[in-house]
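Here the structure is laid out as structure tokens; the discussion comes afterwards.
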Amino acid sequence: MSFGSIPAYAIMKNVSFGMAINPLKMLVIASILGIILGCVSIKLTDRAIEKGLEHRKEVIHPTNQALREYLSVGIKQSKGLVFIILLLFFLVFLSAIFLYFMPQSVLMFLVNIGSWMISILTTWAIRPIKRSQVHKQLEGELERI
């Protein structure tokens, strides 16, 4: 990424769309494109995962002690992952602010689209709400035993 980003910046820093577009319209266009591309890549990833899922299924039977260990490690990871998601959405809004003040910059337009895609894909992959629900359910089941 670092090797590719320097020439891309050098080429695109002075490129503009050459048309007068309202900065808010530019933000909306970039956000919609990023969200659409993020959703398309999620669907493609789902299809690729489901295609080979039958070959990878393996049934395991963990003990209660192993489940408690998995739960404690998962809770520690969740905090870090939620921080990453919040940081990514902060970067999305930061790039949106820059795009608002530089609406003719192709580079900022592409950065905003890429930021949306990355944040949506990361949120989909981590699934923080589903993960916390599973943690609560697993804790409840382990307390009953």
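A few notes on this one:
- When region 61-92 is filtered for residues that are among the aliphatic types (A, V, I, L, M), closer than 20 Å to residue 140 by Cβ and surrounded by 13 or more Cβ atoms within 10 Å (Cβ to Cβ), the ones remaining, listed by number, are 67, 71, 75.
- Out of 132, 78, 41, sole residue that is within 30 Å of residue 22 (Cβ to Cβ) and of a type in the set (S, T, N, Q): 41
- Residue check, residue 72 among the hydroxyl-bearing types (Ser, Thr, Tyr) and within 30 Å of residue 30 (Cβ to Cβ): no
- Answer residue from region 93-112, given it is crowded, with 17+ Cβ neighbours inside 10 Å and under 11 Å from residue 27 (Cβ atoms) and is modelled with the lowest pLDDT among those: 103
- Qualifying residue in region 57-72 (condition: among the basic types (Lys, Arg), part of a loop (DSSP other than H, G, I, E, B) and over 19 Å from residue 120 (Cβ atoms)): yes
- Any hit, region 24-37, residues being open to solvent by less than 60 Å² (accessible area, probe 1.4 Å), out of contact with any strand residue (DSSP E or B) (no Cβ under 8 Å at 6 or more places or on another chain) and β-branched (Val, Ile, Thr): no
- Residue within region 129-139 that is out of contact with any Gly (no Cβ under 6 Å at 6 or more places or on another chain), of a type in the set (Lys, Arg), touching a residue at least 40 places away in the same chain (Cβ under 8 Å) and open to solvent by 60 Å² or more (accessible area, probe 1.4 Å) present: yes
The values are calculated or read from the model by the stated rules, or taken from the named source; none is laboratory data. The structure displayed is predicted, hence computed values, not measured ones. So basically every Cβ, Gly included, is an ideal-geometry build from the backbone, and we count neighbours across all protein chains shown. The accessibility values were calculated without ligands, DNA or RNA, using every heavy atom of the protein model including side chains. Shrake-Rupley method; radii C 1.70, N 1.55, O 1.52, S 1.80 Å.
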